[in-house]
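J.: Okay, here's the structure, questions in a sec.
Rule-based calculations on the coordinates, nothing more; no lab input. What you see is a predicted model, and the numbers here were worked out from it, not measured in a lab. Heads up, the Cβs are rebuilt from the backbone with ideal geometry, glycines too, and the neighbour counts pull from every protein chain shown.
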């Protein structure tokens with residue numbers, strides 16, 4: 001396979017595609033590891049709500065039925081958990097996350 005895509009100077013051979021796929025796979029795993037770490041850092045109630053809603057894909061009613069927690073508490077915990085994840089992501093992107101590059 002030698003088909004140029006987007007950049008006429010770049011030829012996408014099978015070897016080039018394999019190398020790029022490997023890099024994308026590694027980067028995807030790094031991103032996934034960061035997401036898991038961020039979710040684990042949440043307080044337990046927020047972590048549970050984010051996990052059930054955003055990882056497992058459950059709706060409010062399903063979470064209420066599963067946990068027995070009132071719908072208002074589910075919504076507020078989910079809102080707070082997602083807010084903490086956004087704040088953590090913003091710190092990470094701005095370089096204020098406390099980690100050396």
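J.: Taking the Cβ-Cβ separation of residue 80 and residue 37 as r and a Förster radius of 22 Å, what is the calculated FRET efficiency to the nearest 0.05? Mind dumping the intermediate values first?
T.: On the way: r = 18 Å, r/R0 = 0.83.
According to the calculation, E is roughly 0.75.
J.: Turning to a different aspect of this structure: Per-residue counts of other Cβ atoms within 10 Å, averaged by peptide: what ranking do you get for 73-80, 35-42, highest first?
T.: Numbers: 73-80: 17.2, 35-42: 14.0.
In decreasing order of mean packing, 73-80, 35-42 become 73-80, 35-42.
J.: Still on this structure, I have one more. Please give the length that would be gained between residue 21 and residue 54 if that part of the chain were fully extended, namely 0.36 nm times their separation in residues minus their C-alpha to C-alpha distance (nm, one decimal).
T.: Working: separation 33, 0.36 × 33 = 11.88 nm, distance 2.64 nm.
In short, 9.2 nm is gained.
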